[in-house]
Amino acid sequence: MRARTRDPQPAEGPSKSQRKREMLALQALGESLLPLADERLDHLPLTPELIDAVRTARAIRAHEGRRRQLQYIGRLMREIDADALRAALSDETRQHRMATAVMHAAERWRERILADDRALGDWFAQYPDTRESLEPLVPRARGELAAGGPGYAFRELFRKIRDRLG
């Protein structure tokens, strides 16, 4: 006598374990929204209910209440396009890193320009269109530093360099 074999049921969608992993990933993505400022949340592809839930979660200090609110955020996350949210967060992070890099480069250029006239010549060789606006600021900024601290010209020099680099 032959052993009966059961016909395997065709899988209909992801397994329960896979669905749970996906829900936990959405909950974690929702939790990553908590430290973001309100104006950043407003620019992300989120529903108003989700934004309100994130704001509420920030205020909850009790462990169990916070855990339940995060679960609620995870449920609301199922209604949005998580890939679009990830892309928006990635773009925002990239823009922030680029802005930070420009600021650091501007600081380095300002330090070099104030320390050495050759650096100022190098700057004008690369960016000749800035000569008119930067040339009068450099001696004033140097004077401010010699007098005891940065002042208006020092900050204005940075702004003009940053704006040109950015």
Report yes if LEU76 is surrounded by 11 or more Cβ atoms within 10 Å (Cβ to Cβ), assigned to a loop (DSSP other than H, G, I, E, B) and at pLDDT 90 or above, otherwise no. no
When you check TRP123 against the structure, is it aromatic (Phe, Trp, Tyr) and under 29 Å from the mean Cα position of the chain (by Cα), yes or no? no
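Take the residues in segment 108-120 that are surrounded by 11 or more Cβ atoms within 10 Å (Cβ to Cβ) and among the charged types (D, E, K, R); name whichever of them is farthest from ARG140 (Cα to Cα). Give the derivation first.
First, the residues of segment 108-120 that are surrounded by 11 or more Cβ atoms within 10 Å (Cβ to Cβ): 108-116, 119-120.
The next check asks that each one be among the charged types (D, E, K, R); those that pass are 108, 110-112, 116.
Values: ARG108: 18, ARG110: 13, GLU111: 14, ARG112: 15, ASP116: 14 Å.
Among them, the one singled out is ARG108.
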Name every residue in segment 108-120 that is more than 31 Å from the chain's Cα centre (by Cα) and either assigned to a helix (DSSP H, G or I) or in contact (Cβ under 8 Å) with a residue 40 or more places away in the chain (or both), in order of residue number. LEU114, ALA115, ASP117, ARG118, ALA119, LEU120
Using the structure shown, decide if ASP42 is without any contact (Cβ under 8 Å) to a residue 60 or more places away in the chain, surrounded by fewer than 12 Cβ atoms within 10 Å (Cβ to Cβ), under 30 Å from LEU137 (Cα atoms) and touching a helix residue (DSSP H, G or I) at 6+ places or on another chain (Cβ under 9 Å). no
Segment 13-39 - residue that is open to solvent by 90 Å² or more (accessible area, probe 1.4 Å) and either of a type in the set (Asp, Glu) or more than 24 Å from the chain's Cα centre (by Cα) (or both) and, of those, farthest from ARG55 (Cα to Cα): LYS16
List every residue pair whose Cβ atoms lie under 6 Å apart, where the two residues are 6 or more positions apart in sequence or sit on different chains, the first residue falls within segment 150-166 and is at pLDDT 95 or above, and the second residue, located anywhere, is open to solvent by 70 Å² or more (accessible area, probe 1.4 Å). none
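Looking at segment 121-166, what helices (runs of 4 or more DSSP H) fall wholly within it and have at least 2 residues that are open to solvent by less than 70 Å² (accessible area, probe 1.4 Å) and touching a Leu at 6+ places or on another chain (Cβ under 9 Å)?
Values: elements: 131-134, 137-147, 152-165.
It comes to 137-147, 152-165.
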Among the candidates ALA105, ALA99, ALA87, single out the residue that is under 30 Å from GLN27 (Cα atoms), surrounded by 11 or more Cβ atoms within 10 Å (Cβ to Cβ), touching a residue at least 60 places away in the same chain (Cβ under 8 Å) and under 26 Å from the mean Cα position of the chain (by Cα). ALA99
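The values are calculated or read from the model by the stated rules, or taken from the named source; none is laboratory data. These numbers were taken from a predicted model, which means no experiment stands behind them. Ideal geometry is used to build each Cβ from the backbone, glycine not excepted, and the neighbour counts take in all protein chains shown. We work out accessible area using only protein heavy atoms, side chains counted, and drop any ligands, DNA or RNA first. Shrake-Rupley method; radii C 1.70, N 1.55, O 1.52, S 1.80 Å.
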